[in-house]
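So the structure is just underneath, and the comments pick up after that.
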């Protein structure tokens, strides 16, 4: 159902700026949050910079375990995505409550999210900016994609419940990587 | 034609992950590049983190002048966006060659790009990560938006000439900012 994606292709998942899920595991307790403040920082090994507020339960778990999974939802998951963003893992088992399926990852203890069309296993590469900016630099160590997902419609967050869906694919000859 | 946008609203322009233009001015020589590796880092004052390769002419100008304008193009500008990404300001006057109109900004010497539906005037806030990651932290000091642009269709880059257009707006009740 999923296949390994070369790490050199990871930037193509995150560069378009989708809303993503960040899954963590503290011992065996899985949790997941939504995130839109992220950017690619290097092609290979892929480095991903992201801001996670200290108010999020994931902040503590990520700092403690030093690893997470970034899952990329498609438009059909938008109601689940909003629900994930509107409750906290401190008092809620979000996987169970919202109907998400954790799958074992290969390089980290955090789970893959089965419903996402792609999942990226990450380890913290640099936590020096966490104190000042809540900014984590993650290194992708393994990535997975649903080979049947062609031009998946991804979700972008524009604040205050406003979302847009990437609904139209365009190919233009370009020298850009 | 354009109106001032409160700085507290700037995150709503960048959080969805559009391809943006970065305009700079070295003395009176305007230049512009495309960028997709950016993230919001703080709501207000708005901080924007972005990676600009040292191979780009903009890298040198931004480091020297410490300011730039981030312009956000709409889907109808996609051919211009690709052209901007496929030539260099070292040997090309991109505004003239590609047909872009520079407008004076209010707080920086870099120009606004008239064809963009929104423009954000920025100054470098933190250049400490430039050496290691080519990562600039910018502070938005003034923002402008075309008040007629409702649900503008923005462009996302998925690598290798693959773009998607945010073509569908969705509003869902959410507690998320």
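The table for this structure:
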| read-out | value |
| --- | --- |
| Other-copy label distances relative to residue B:99, 7 angstrom Cα-Cβ extension, nm | 4.9 |
| 7 Å along Cα→Cβ, label-point gaps from residue B:172 to other copies, nm, shortest first | 3.0 |
| Label distances, nm, residue A:55 versus same residue in remaining copies, Cβ-directed 7 Å point | 4.1 |
| Centre separation in Å (Cα based) which lies between the stretch A:5-23 and the stretch B:61-131 | 26 |
| Fluctuation leader among A:147, A:102, A:18 - chain A, Gaussian network, Cα springs under 10 angstrom | A:147 |
| Highest average packing first - A:113-120, B:153-160, Cβ atoms within 10 Å | A:113-120, B:153-160 |
| Rounded FRET efficiency, nearest 0.05, which uses the C-beta distance separating residue A:43 from residue B:91 and R0 of 25 Å | 0.50 |
| Most mobile listed residue (A:99, A:89, A:71) in chain A, GNM with C-alpha springs under 10 Å | A:99 |
| Exposure proxy order (Cβ contacts within 10 Å, fewest to most) of A:107, B:12 | A:107, B:12 |
| FRET efficiency, residue A:8 to residue B:132 (Cβ-Cβ, R0 25 Å, nearest 0.05) | 0.75 |
| Percentage, to the nearest whole number, of Cα pairs in chain A over 29 Å apart | 13 |
| Relative contact order, percent, chain A [alpha-carbon distance under 8 Å, six or more residues apart] | 27 |
| Under 11 Å from the residue B:177 label point (7 Å along Cα→beta-carbon), backbone N, the stretch A:29-71 | A:53-55 |
| Inter-label distance, nm, simple model (7 Å from Cα along the C-beta direction), residue B:169/residue B:66 | 3.8 |
| Shielding of B:38-44 by partner chains, average beta-carbon count, 10 Å | 6 |
| Axis proximity, chain A to B: residue whose C-beta lies nearest, plus whole-Å distance | A:17, 0 |
| Relative contact order computed over the stretch B:1-88 (Cα-Cα under 8 Å; 6+ residues apart), in percent | 32 |
| Shielding score for A:14-21, defined as the mean number of other chain Cβ atoms within 10 Å | 6 |
| Cβ-based exposure ranking for A:88, B:4, in which fewest neighbours within 10 Å come first | B:4, A:88 |
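Coordinate-derived values only; no laboratory data. Since the model is a prediction, treat every value here as computed from it, not as a measurement. With ideal geometry, Cβ positions are generated from the backbone for all residues, glycine too; neighbour counts draw on all protein chains shown.
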